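Enquirer: Below: one structure in structure tokens.
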Amino acid sequence: MKAFGVVILMAAFAFCFVGAQRVNTLRPGNLAPVNHIPDFAGVDVAEGAASDCVKVASYDKPLRSLRETFFVTNNSATDTLTGIRLSLTYFAVADSSMLHSRRASVSCYIPPLQTRQLYLIAWDRQYTYYSENTRIRPSGTRAVPYCADIRIEGATFKNAGK
């Protein structure tokens with residue numbers, strides 16, 4: 001009698017698994033990059049004034065992080081910062097050799113005289129490098145410290161009066 005109950009129970013489980021459909025949880029298609037500056041109506045693009053009106057500070061990227069974070073300050077007294085274009089160059093700390101270089105654009109909304117934290121997708125896809133200024137120190141000896149040189153190429157402002 002016990003054997004018959006076990007057979008019935010196994011048949012019920014088999015029936016449940018055979019009838020269940022596989023569900024694909026992956027997103028269809030490729031993911032679009034999010035680091036772009038959208039076109040806004042009535043915006044001013046300030047090329048030369050970007051270094052005076054925008055300040056980038058406190059860059060950080062721990063070893064196993066997918067993001068590079070930094071703080072951006074809008075020093076303009078009247079205009080809202082809606083996007084910045086950056087040039088990033090990465091150097092190894094040990095011998096000052098260049099590891100990587102790229103340009104990135106980040107859309108944002110930073111009101112006048114305020115600071116926000118922004119991020120980029122990390123350039124280090126193999127989790128080999130970490131920023132020398134990070135508070136999270138890796139325990140392994142294989143990790144390579146680097147420093148980042150960030151230059152502002154341009155900024156997009158939206159005038160509060162427009």
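Enquirer: Please report, for the Cα atoms of segment 54-158, the Rg to one decimal and the Dmax as a whole number; what are they, in angstrom?
Expert: Computed over the Cα atoms of segment 54-158, radius of gyration and Dmax are 14.7, 48 Å.
Enquirer: If you don't mind, there's one more thing I want to ask. Around residue 70, under 11 Å between beta carbons, what's the net of Lys plus Arg minus Asp minus Glu among the other residues? Can you show the working numbers first?
Expert: Numbers: positive: 55, 61, 67, 116; negative: 60, 68.
Neighbourhood net charge equals +2.
Enquirer: Give the Debye-formula value of log10 I(q)/I(0) at each listed q (0.18, 0.23, 0.30 Å⁻¹), with one equal scatterer per alpha carbon of segment 73-120, two decimals each.
Expert: Summing over Cα pairs of segment 73-120 leads to -0.65, -0.81, -1.06.
Enquirer: Continuing with this model, one more query. Going by average Cβ density within 10 Å per residue, which order do the peptides 131-143, 52-64 take, highest to lowest?
Expert: Details: 131-143: 11.5, 52-64: 16.6.
By packing density, highest mean first, the sequence is 52-64, 131-143.
Enquirer: Separate question: With a 1.4 Å probe and all protein chains left in place, how much accessible area per residue does segment 62-162 have, in Å²?
Expert: On the way: 5810 Å² over 101 residues.
With the other protein chains kept in place, segment 62-162 gives 58 Å² per residue.
The values are calculated or read from the model by the stated rules, or taken from the named source; none is laboratory data. Computed from a predicted model, the values in this text were never measured in an experiment. Methodologically, a virtual Cβ is constructed for each residue, glycine included, from the backbone with ideal geometry; neighbour enumeration extends over all protein chains shown. Keep in mind that these areas ignore ligands, DNA and RNA; they rest on the heavy atoms of the full protein, side chains included. Shrake-Rupley method; radii C 1.70, N 1.55, O 1.52, S 1.80 Å.
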